[in-house]
Each structure stands twice: as structure tokens, then as C-alpha cells.
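Structure, as C-alpha cells:
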Amino acid sequence: MRVTVGVSGGIAAYKAAELVRALQRQALEVHVVMTSSARRFVQPLTFAALTGHKVITSLWDETESTTSDQSGIEHIGEAQWAETLVVAPATANILAKFAHGIADDFLTTMYLATTAPVLVAPAMNVNMWEHPATQANLEILRQRGVRVIEPGTGELACGMVGAGRMAEPEAIADAVLDALGRRHDMAGEIVLVTAGGTREALDPVRFLGNRSSGKMGYALAEAAQSRGAKVILVSGPSALHPPAHCELVKVTTAEQMRNAVLERMDEATLVIKAAAVADYRPVNVSERKLKRTGPITLELAPTEDILAEVVRRRKPGQLIVGFAAETENRMENGRAKLLRKGADAIVVNDVSGEGVGIDAEVNAATFLTPSTAIELPVMPKRKLADRILDEIQTLRRPRSLVVEMDEETPQERVLNESDAPKKRELIVE
Ligand code: CTP
């Protein structure tokens with residue numbers, strides 16, 4: 001399959017080389033188009049050497065075109081050749097040009113001429129990213145079906161800290177695979193995902209909440225959607241953009257989340273409870289803002305355990321997957337939670353580490369079922385979402401037959417299920 005990588009002029013242009021390699025590892029054929037400012041950061045030769053194709057750098061410079069067509073309309077040829085156009089890094093300028101149909105170089109002209117899916121991986125200074133002009137341009141592009149691969153947060157090349165760092169090349173490559181429909185194994189599924197934290201009011205201005213950003217749940221929603229599932233995303237307050245085309249149900253409190261989930265769960269084939277739900281709510285909510293009068297004691301009442309209730313009400317064939325946030329005795333606590341709640345699987349996170357888990361860009365987890373424990377090492381949350389869905393998909397397969405090979409007499413012996421973790425699994429399709 002054929003991908004054109006557009007490189008515009010930002011410091012992250014060097015990462016486009018890693019993206020090209022990641023795409024090639026997936027056996028994709030890659031062409032590269034560079035804007036004139038991108039050439040100030042990276043030499044076209046780098047990409048030419050990686051791809052084995054000349055790099056297109058101008059509408060007019062025929063000697064540097066990738067196609068044999070020398071008629072001066074290579075942008076049409078390239079636009080038809082590409083099965084996906086991914087622009088990484090996408091600067092504020094290129095996003096503005098795309099949004100407003102300005103076609104003054106090869107990349108912007110090709111964007112107008114292609115009917116292939118388009119993805120952009122923005123990279124810029126945090127103020128430029130947050131500027132209303134950039135956000136409005138992104139909104140226009142999203143409305144037109146352009147897939148925006150959200151930038152990460154962290155230290156930026158300009159020295160500032162904030163949003164604007166280009167997504168990791170591996171995550172961009174995964175998004176390209178999705179756009180190419182290389183993974184479409186969830187068509188027909190209806191997936192209910194809960195995401196974010198909940199808030200329990202103390203008074204009109206204060207609440208009890210937690211640090212969950214919703215990133216893991218939103219990544220799962222996006223991954224399931226791009227694998228062909230219909231997605232209902234029940235989300236606590238979050239600053240994230242929901243993936244295009246998924247149904248967003250906004251909630252604030254644990255009680256609202258419970259109601260939304262119970263209302264919609266019957267239609268779901270898979271429920272993933274990634275939300276960090278409050279375990280307690282204040283018994284008394286003050287109608288007026290609480291005044292500072294010295295020490296106070298809050299009386300808290302437990303909330304309903306939504307996951308346990310979903311399991312109690314499950315319909316035949318529904319799969320239910322929970323999450324567990326642990327700071328100690330991860331595996332023991334995770335396994336106890338899995339058994340207590342009765343879910344098909346629990347994704348156990350260690351939330352004690354810095355820069356991993358809650359509110360971070362990356363996460364690591366263990367996918368725990370009653371008979372298996374699969375370690376998923378640190379990776380971007382979007383990639384982890386796909387790995388989790390891969391594991392969930394294996395739960396859907398016909399009951400696996402657990403066998404043991406006897407080395408002396410090569411016969412297979414069926415074991416009982418409790419032996420399963422110790423033994424090789426033979427999947428009988
Ligand atoms: N959960 C839920 N309803 C709650 C609390 C948690 O549905 N009131 C779900 C979460 O969405 C998650 C799973 O239960 O899928 C585990 O959440 P976690 O906070 O790790 O566990 P708790 O059940 O709250 O147990 P504890 O805080 O004691 O570890």
C-alpha cells in the first residue's frame with residue numbers, strides 16, 4: 001500500500017525519518033513531499049536514501065519529482081498515487097493553508113487534489129497550538145474528515161513546556177495503518193467506553209475529583225472506532241477532543257456515569273470501563289460556598305460500583321473489561337479486583353511511577369484474565385489501546401483448547417483450565 005509523507009518546516013521534521021522507517025516496517029511504499037521550509041531542517045537526501053525515491057520539493061522543479069510524469073502536473077499524479085497522505089510534522093502554517101484551501105506549493109496543492117484519507121500530526125510551540133486561529137483551523141479540518149493526531153505535552157524545542165510536541169512516529173504509523181483499513185477486525189461491534197474522572201460536588205465551586213485526563217479511554221475509543229466498531233464514549237470532564245464519529249455522552253458525577261452506562265449497556269457487545277470513578281461522594285453538598293472557619297470534617301458515602309453492576313446485568317455474549325489503578329502489590333490487588341468484580345479481564349496499571357499512567361502520554365499495563373497475565377510494556381497510550389483491543393479480541397475467539405505435548409510420546413493431553421497459565425495455548429479456530 002502507498003503512503004505519501006508530507007514534511008513541513010518544524011524542528012520535528014527529523015522525526016519524519018523515523019516515521020518513514022516505521023511505515024516501511026509495515027511493508028508500505030513511501031514517497032516524501034517536503035515544503036521549502038522543511039528543507040531548512042532536513043535534507044531531501046535523507047528521505048531519498050530511506051525511500052529509494054526522489055523527494056518532491058516543489059511544484060516546478062521537475063528534476064526532483066518522484067514520478068516519471070514530467071508534464072508539470074505531478075501533484076495530480078502523486079495525489080492519485082497516494083492511498084493516504086500523512087503530514088508530519090504539520091506546522092500551524094500548513095494547517096492554516098489546508099483549512100483555507102491555499103495551494104501555493106506542492107504539498108498544499110496535493111492536499112486539494114487527493115481524495116485519499118489525510119492525517120496531520122501537528123507540532124509547534126504551545127502558544128501557537130493554543131491560539132484560537134490554530135484551533136479553529138483544526139476544527140475545520142476535523143469537520144472535513146482530516147484525522148488530527150494530537151500532539152503530546154512536555155518540553156518543547158523552544159524551551160517552553162506544554163502541548164505541541166509531535167506524536168511519536170510509531171503512534172503516527174499506527175494511525176496511518178488504521179486509515180488504510182489494515183485493521184478492521186471490530187466491524188459490527190458496539191463498544192461502550194467510559195473515560196476520564198468524575199467530580200463530586202462539595203459546594204457550588206468545589207468538588208472531589210482525581211487526576212485522570214481521559215487519555216487512555218479516548219485512545220481506546222479512537223482505536224475501536226478505527227477498527228470498525230461503533231463507539232459510545234461516556235466521559236467525565238475532559239479537555240480532549242472526542243474521536244470524530246463516536247457518540248459522546250458527557251457526565252460529571254459517578255451517579256451520572258452509572259445512569260449513562262446502565263442506559264446504554266444493553267446495546268453494547270463490549271464494555272470497557274477505563275474511567276477513574278469516585279469511590280466516595282460527600283453526604284452533604286452545601287448550597288452556598290463553604291466558608292473558611294477552621295478545620296472541617298467531610299462525611300463521605302461510598303458510590304455504587306458501576307463495573308460490578310454492569311457485570312451483574314450483563315447479557316449473554318457481552319464482554320466486560322475493567323481497569324485497575326494500583327500503587328502497590330499490583331498483581332495481587334489486580335487479580336483480587338478481577339475476581340471481586342467478575343469482569344472478563346482487568347487492565348492493571350501501576351500509577352505510582354512518574355510520567356507513566358494517570359494524565360501521562362504513555363502507560364504500561366498488565367492485561368489480566370482469570371487464567372492469563374500479559375505484560376504490555378511502556379508505550380504511547382494510543383498504541384497501548386490497540387494492544388489492549390488485540391488482547392480483548394483473543395477473548396472473543398472460540399474457547400481455546402489447552403494442550404500439553406508429551407515429549408516422549410508426541411501426544412496431546414487436554415488439561416483442565418486451572419493449568420492454563422502454565423501451558424501453551426492452542427487456539428482452535
Ligand atoms: N469502578 C466503577 N465504579 C466505581 C469505582 C470503580 O465502575 N465506583 C471501576 C473503574 O472504572 C475500573 C475498576 O472499577 O474499571 C477499578 O477501579 P479502581 O479505582 O482501580 O478500583 P476500586 O474498585 O475503586 O477499588 P480501590 O479504589 O479500593 O482500589
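The values are calculated or read from the model by the stated rules, or taken from the named source; none is laboratory data. These numbers come from a predicted model, not from an experiment. Neighbour counts run over all protein chains shown; Cβ positions are idealised from the backbone, glycine included. With ligands, DNA and RNA removed, areas are computed over all heavy atoms of the protein, side chains included. Shrake-Rupley method; radii C 1.70, N 1.55, O 1.52, S 1.80 Å.
Quick notes
- Residue among E328, E332 that is away from the ligand (no atom under 11 Å from the Cβ) and of a type in the set (D, E): E332
- Tally of residues being more than 24 Å from the chain's Cα centre (by Cα) and either more than 30 Å from G188 (Cα to Cα) or within 14 Å of the ligand (Cβ to nearest atom) (or both) across segment 259-294: 18
- For the condition more than 26 Å from V351 (Cα to Cα) and without any contact (Cβ under 8 Å) to a residue 24 or more places away in the chain, G228 does not qualify.
- Test: residue in segment 197-210 that is within 21 Å of the chain's Cα centre (by Cα) and open to solvent by less than 20 Å² (accessible area, probe 1.4 Å): yes
- Contacts under 8 angstrom Cβ, first residue in segment 194-207 being more than 13 Å from Q256 (Cα to Cα) and among the hydrophobic types (A, V, I, L, M, F, W, C), partner in a strand (DSSP E or B) and open to solvent by 40 Å² or more (accessible area, probe 1.4 Å), 6 or more apart: L202/L208; F207/A201
- Among residues of segment 294-309 that are in the same structural domain as M257 (by TED's automatic domain parsing) and modelled with pLDDT of 95 or more, those with a Cβ under 8 angstrom from a residue that is hydroxyl-bearing (S, T, Y) and within 8 Å of the ligand (Cβ to nearest atom), sequence gap 6+ or separate chain, pair up as I306/T194.
- Wholly enclosed helices (runs of 4 or more DSSP H) of segment 214-320 bearing at least 1 residues of a type in the set (S, T, Y) and open to solvent by less than 30 Å² (accessible area, probe 1.4 Å): 215-226
- Helices (runs of 4 or more DSSP H) wholly inside segment 120-185 that include at least 2 residues being within 14 Å of I94 (Cβ to Cβ): 126-130, 132-143
- Filtered residues of segment 295-309 (kept if within 19 Å of R206 (Cα to Cα), within 16 Å of the ligand (Cβ to nearest atom) and β-branched (V, I, T)): T303
- Filter result for E361 (within 11 Å of the ligand (Cβ to nearest atom), modelled with pLDDT under 95 and surrounded by 14 or more Cβ atoms within 10 Å (Cβ to Cβ)): no
- Residue in segment 338-355 that is aliphatic (A, V, I, L, M), within 12 Å of the ligand (Cβ to nearest atom), crowded, with 16+ Cβ neighbours inside 10 Å and within 18 Å of the chain's Cα centre (by Cα) present: yes
- Remark: pairs (first residue in segment 36-60, assigned to a strand (DSSP E or B); second residue hydroxyl-bearing (S, T, Y); Cβ separation under 7 Å; 6+ apart in sequence or on different chains) = I56/S65; I56/T66.
- L338 assigned by TED's automatic domain parsing to the domain that holds R227, part of a helix (DSSP H, G or I) and at negative phi: yes
- For segment 132-147, a tally of residues being basic (K, R) and surrounded by 13 or more Cβ atoms within 10 Å (Cβ to Cβ) returns 2.
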